[in-house]
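Where a number appears in this text, it was derived from the coordinates with a stated rule and is not lab data. Quick caveat: nothing in here was measured; it's all calculated off a predicted structure. Here the Cβ is made from the backbone with ideal geometry for all residues, glycine too, and neighbour counts use every protein chain on show.
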Amino acid sequence: MICKNDDSLQSLFLKTTHMYFGRAYDALREMDVHPRQVPMLHLLGKKEGLSQREISQEMKIKPPTVAVSIKRMEKSGLIIRRTDEKDQRMSRIYLSPKGRELTENVQKMVEDSENAIFRGFSESEICLMKRFFKQMIENLEQTK
């Protein structure tokens with residue numbers, strides 16, 4: 001190993017991700033949103049009016065899981081279900097004003113977290129780190 005200290009890369013990586021996600025979960029809890037709802041909120045913020053099947057395909061999760069999430073999010077007022085104008089048998093999912101506001105707050109929280117974690121890093125160091133992470137992901141994908 002190149003560095004001469006007791007911290008392995010794995011332990012540092014795990015500690016960093018544990019701390020990062022722990023803080024994110026705490027912030028999400030304060031916003032009264034479940035962490036598993038965030039990806040769907042993000043998707044609907046980019047592409048409103050998707051059907052449940054389209055959400056399932058985009059997120060690569062099973063349709064029953066999407067159905068349960070939609071029911072919960074609709075009950076909490078984060079999304080609105082509307083009948084498709086062309087096909088009355090199909091529903092389309094939209095963010096409610098509350099869901100839109102929450103999505104904006106979550107995005108700000110993510111930006112604030114990213115700014116905090118990379119405080120003191122130069123732009124070139126951040127670019128280099130992104131390249132390292134992409135290489136690690138590629139390495140892991142090749143070992144499947």
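Things worth noting here:
- Report note on the peptides 133-142, 51-60: ranked by the mean count of other C-beta atoms within 10 Å, highest first, their order is 51-60, 133-142.
- Per-selection Kirkwood Rh - the stretch 23-133 (Cα, Å, 1 d.p.): 15.6
- Against the chain, whose longest principal axis is taken from its Cα atoms, helix 123-142 shows a tilt of about 70°.
- Computed magnitude of the charge dipole of the chain (debye, nearest 20; Cβ of K, R +1, Cβ of D, E -1): 620
- Using C-alpha pairs below 8 Å separated by at least 6 residues, the relative contact order for the chain is 21 percent.
- Each peptide among 38-45, 66-73 gets the average number of other Cβ atoms lying within 10 Å of its residues, and from highest to lowest they stand as 38-45, 66-73.
- Candidate cross-link partners of Lys15 among the lysines, defined by an alpha-carbon separation under 27 Å and a same-chain spacing of 8 or more, comprise Lys4, Lys108, Lys130, Lys134, Lys144.
- Each of Thr16 and Phe132 was given a label point 7 Å from its Cα along the Cα-to-Cβ line. The distance between the two points is 0.6 nm.
- Of the residues Ala116, Val66, Leu50, the one whose Cα sits farthest towards the positive end of the charge dipole of the stretch 36-119 is Val66 (charges of +1 on Lys and Arg Cβ, -1 on Asp and Glu Cβ, taken about the Cα centre).
- Applying the Karplus relation 6.51 cos²θ - 1.76 cosθ + 1.60 with θ = phi - 60° to the stretch 46-54 yields 3J(HN,Hα) values of 8, 9, 6, x, 7, 7, 4, 5, 5 Hz, where x marks Gly and Pro.
- Only DSSP H runs of four or more residues enter the estimate; each adds -39500 (n - 2.57), and after division by the residues of the chain the mean residue ellipticity at 222 nm equals -21500 deg cm²/dmol.
- Within-12-Å neighbourhood charge of Arg23 [Cβ basis; K, R +1; D, E -1]: -3
- Amide proton proximity set for Leu95, modelled H, under 5 Å, gap of 5+: Gly49, Ile80
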